[in-house]
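The structure under discussion appears below in the form of C-alpha cells.
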Amino acid sequence: MTAASSPPRTTVGAMTGTSLDGIDAAVVAITGHGLDMRAEVQSHAAGPIGSAEETLRQLTTGGEASAKVIATAMKALSTQTAAVMQQAIGDHSVDFAGVHGQTVLHAPPCSWQLIDAAIIADTLSCPVASQMRGGDLAAGGEGAPITPLADWILFRSNVRRAVVNLGGFCNITWLPAGEDINGIAGRDICVCNQLLDAAAAQRLGRNWDVDGQHAATGVANEAIENSLMSTLTSNGPTRSLGTGDESLNWLDESIVRDAPSDILLASMANAIGSAIGTAAAANADEIIVAGGGAHHRPLVAAIASASDVPVRPSSDLNIPIEAREAACIAVLAALDRDGIQATLPVVTGRRDGPMISMQWCQPI
C-alpha cells in the first residue's frame, strides 16, 4: 500500500500564542505519510486561557512565582487546553494530537513552553506530542520558527507564497512554487500583537483594539512611524524573536506619550504593517495572512500597501485565520510521528543530521 492510498488519520493540535489571547485548537485530516502527506482542517475551536492567565502573564513579563504557583498554573492551562481540544474534536475520532503550550521564555538556547501533555493524553485517550522546540534547540538551533514545513504541507501550490503569521511576533514562511522543499525559507520579522496589544491596554483599557477599529479612526503620523520603524527588531536569517524583543519601552518615548490614541494606534499599524509587507513580498507571488492580527484591518491594509502582490486571508484557502497555528501543530505532530524532522536547518540554524524527536505521552 502506498502512502497516498493508506488510510487517513485524524489529529488535533492546540496552540497558545505569545499574546496570551486564548487557546486555539484545530482538527486536521491527514492523508498520506511523511512529506507526501496532505492535510485538511476539519474543525476548530477557541477558548480563554482561564485561571492560569494571571500567572502566565507574570511569568512572560519576567516576574517570579513559586513552584506551587507555577505547577498550579500548568495544571489549569493543560486542563483548559484539553477542554478546548475536546470542543474542536466534537464527533471526530482522533488518532493522536500535538500541543505547543504557552511560551513563558524564549531566549535561545533556552526556551520554555509550559504544558503537561500527560493531562491532555489522559483526557483525549490518545498519544500526544509536546516539547516541539526541544530537539531543534538541542541541535544548536533557535527553536523557531517551527511552522515552515507544516506551512508547506498546508499551503503549497504552483505559485510562490508568503504565509504571514500575525501573532505576538510576526514570522513569515516563504514557499516555493511546486513540490520542492529545498526552496522553503522562513524567519521572524518583528514584534506585532505584543506591542499593538500593549498600546491598546495602555490607551484603551482593553486587551486589544478589536479589528483595529480605533486605529482605523486615526491618521498615521510619519514621525511616529519612523520612530517605531527604527526600533523594530532587525534579526538575521536565523535569529528568532522572543523574550526581550517586545519593544515595550518604545511606548514610553515622548513622541509616543504625547500622541493622541487614534494617531498613535494608526501609526503603529502602518509601521508594523509596512515592515511586514516589504519583507513578505520580496519573494512571493501572493501573501497569505493568518493569526489574530489578520483581524486588524489597518494592519492588513498596511501590509498590502507595502507589497505589490495580492494579500488574502488563509480562510480563502479553507484554513481559518484563527486555526492556522493550531493546524500547523497538528501537522508537525504527524510529521514527527512519521519520522520526519519537523524543523529546517536553513530556517532555525540547527545543525544538519539527526535531531531528537518530540516527546510523546500515550496511553499504555
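The values are calculated or read from the model by the stated rules, or taken from the named source; none is laboratory data. Everything numeric in this text was worked out from a predicted model, so none of it was measured. So basically every Cβ, Gly included, is an ideal-geometry build from the backbone, and we count neighbours across all protein chains shown.
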Where the second residue is of a type in the set (Gly, Ala, Ser) and assigned to a helix (DSSP H, G or I) and the first is within 22 Å of residue 299 (Cα to Cα) and lies in the range 146-165, which pairs have Cβ atoms under 6 Å and are six or more apart or on separate chains?
162/280; 164/280
Among 45, 71, the single one that is of a type outside the set (Phe, Trp, Tyr) and closer than 19 Å to residue 103 by Cβ is 71
Looking at residue 299, is it touching a residue at least 40 places away in the same chain (Cβ under 8 Å) and within 26 Å of residue 35 (Cβ to Cβ)?
no
Scanning the range 68-122 for residues that are surrounded by 16 or more Cβ atoms within 10 Å (Cβ to Cβ), over 21 Å from the mean Cα position of the chain (by Cα) and closer than 17 Å to residue 134 by Cβ gives none
Within the range 347-357, does at least one residue satisfy the condition of being of a type in the set (A, V, I, L, M, F, W, C) and touching a Leu at 6+ places or on another chain (Cβ under 7 Å)?
no
Conditions first: (1) closer than 18 Å to residue 168 by Cα; (2) touching a helix residue (DSSP H, G or I) at 6+ places or on another chain (Cβ under 9 Å); (3) not aliphatic (A, V, I, L, M). Residue 242 passes all but one, so which condition is the exception?
(2)
Is it the case, given these coordinates, that residue 315 is of a type in the set (S, T, N, Q), over 29 Å from residue 13 (Cα atoms) and modelled with pLDDT of 95 or more?
no
Scan (1) assigned by TED's automatic domain parsing to the domain that holds residue 329; (2) in a helix (DSSP H, G or I) for the single condition residue 93 breaks and write down its number.
(2)
Counting just the residues of the range 12-29 that are touching a Phe, Trp or Tyr at 6+ places or on another chain (Cβ under 9 Å) and surrounded by fewer than 24 Cβ atoms within 10 Å (Cβ to Cβ), which one comes out nearest to residue 116 (Cα to Cα)?
18
The condition of being outside the structural domain of residue 20 (by TED's automatic domain parsing), over 21 Å from the mean Cα position of the chain (by Cα) and buried (at least 24 other Cβ atoms within 10 Å of the Cβ) holds, among 166, 175, 196, 228, only for 228
Flagged in the range 138-156 as crowded, with 22+ Cβ neighbours inside 10 Å and of a type outside the set (Gly, Ala, Ser), in numbering order, are 142, 145, 146, 147, 148, 149, 151, 152, 153, 154
Residues that are acidic (Asp, Glu) and closer than 21 Å to residue 9 by Cα, drawn from the range 115-167:
122, 151
Within the bounds of the range 233-255, is there any residue that is outside any loop (DSSP other than H, G, I, E, B), more than 30 Å from residue 112 (Cβ to Cβ) and more than 24 Å from the chain's Cα centre (by Cα)?
yes
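Okay, residues lined up against (1) within 21 Å of residue 23 (Cα to Cα); (2) in the same structural domain as residue 95 (by TED's automatic domain parsing):
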position	(1), (2)
309	no, no
332	yes, yes
340	no, yes
350	no, yes
The one condition residue 188 fails out of (1) farther than 30 Å from residue 275 by Cα; (2) under 15 Å from the mean Cα position of the chain (by Cα) is (1)
All positions within the range 166-178 that are farther than 16 Å from residue 324 by Cβ and in contact with a helix residue (DSSP H, G or I) (Cβ under 9 Å, 6 or more places away or on another chain)
176, 177
